[in-house]
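Shown next, in structure tokens, is the structure this report addresses.
The values are calculated or read from the model by the stated rules, or taken from the named source; none is laboratory data. Note that this is a predicted model, so its numbers are computed, not measured. In this analysis, Cβ positions are derived from the backbone assuming ideal geometry, glycine residues included, and neighbour counts consider all displayed protein chains.
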């Protein structure tokens, strides 16, 4: 059985190791200070759904990984798109090993991330906040599969 | 209580493929849970001068059991490529030399296997084992897919019905 903690740690650690320098990331449970930043990411695992399988079959989970790309920049009006491109470059079609907590030498499974889906939500913030805020959402479905035991 | 009223589903099943006696067995772990078999009965209709009401039916020839299943494909070659690899489904179904699997039929006859399908009672009361002997392959289809590539087996068991027992 793959632990949600281990899947989340795998995805978080990989993202933090590869995310563009100088752009903070807000992870679930961590408040990033975005007031000082012109750009930032929010990184969520929104859904985890177990796949139907035999009792003896390996555990499989379908995930929805979402990266929200925000920018308050007014001169570069396509900054959020650039951040979204970075997110796609980092995550799309990647396969990551899952390590149990505190044991980086053991692999209990793999997360395989598929192609991205992008949504441009900037106009909603213009209406709601009356201030410029670019917002692009990049979503990935991923499948975590346990190694056979 | 002899039985439970819990409907069994694919979660409860386990398919094991066996060769002759001491040859390796393979528990199919990545099957899709779509095992299907059909027991056929042939009947000869004898009509009396075209009349069904006055006619009768006789037993026809016995029919073998057809069965099929599919499984996700991880690799086709296991022991053929690396002796330390676990036995793989493709090698077992094709009697690859490296797999060590031995036919359950004598030399000179078509190569056959034994399929054991166990359906566990989720309540642990009335589990059942369904055994297909003398299973031979009619087709083996390898296909690509978005989520997983598949190995699809169709074949026949040279018996009129599987042996079912309570375990």
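In this structure, residue A:83 does not satisfy being modelled with pLDDT under 95, within 19 Å of residue A:137 (Cα to Cα) and crowded, with 16+ Cβ neighbours inside 10 Å.
Here's the yes/no breakdown for (1) modelled with pLDDT under 95; (2) within 14 Å of another protein chain (Cβ to nearest Cβ):
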{"residue": "B:24", "(1), (2)": "yes, no"}
{"residue": "B:31", "(1), (2)": "yes, yes"}
{"residue": "B:36", "(1), (2)": "no, no"}
{"residue": "B:41", "(1), (2)": "no, no"}
{"residue": "B:45", "(1), (2)": "no, no"}
{"residue": "B:50", "(1), (2)": "no, no"}
{"residue": "B:58", "(1), (2)": "no, no"}
{"residue": "B:61", "(1), (2)": "no, no"}
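If the condition is being within 30 Å of residue A:21 (Cβ to Cβ) and within 14 Å of chain B (Cβ to nearest Cβ), then region A:47-94 contributes A:63, A:93. Flag set for residue B:75, criterion: free of Cβ contacts under 8 Å to residues at least 60 places away in the same chain and touching a helix residue (DSSP H, G or I) at 6+ places or on another chain (Cβ under 9 Å). The single condition among (1) surrounded by 17 or more Cβ atoms within 10 Å (Cβ to Cβ); (2) over 27 Å from residue B:76 (Cβ atoms) that residue B:115 does not meet is (2). Can you tell me which residue within region A:78-116, out of those that are touching a residue at least 24 places away in the same chain (Cβ under 8 Å) and under 22 Å from residue A:33 (Cα atoms), is nearest to the chain's Cα centre (by Cα)? Filtering first and then ranking leaves A:87.
Examine region A:100-112 for a residue that is in contact with a strand residue (DSSP E or B) (Cβ under 6 Å, 6 or more places away or on another chain), more than 30 Å from residue B:118 (Cβ to Cβ) and part of a helix (DSSP H, G or I), and state whether such a residue exists. No, region A:100-112 has no match at all. Each residue in region B:10-22 was checked for being more than 7 Å from chain A (Cβ to nearest Cβ), surrounded by fewer than 18 Cβ atoms within 10 Å (Cβ to Cβ) and more than 13 Å from residue B:71 (Cα to Cα), and 3 of them qualify.
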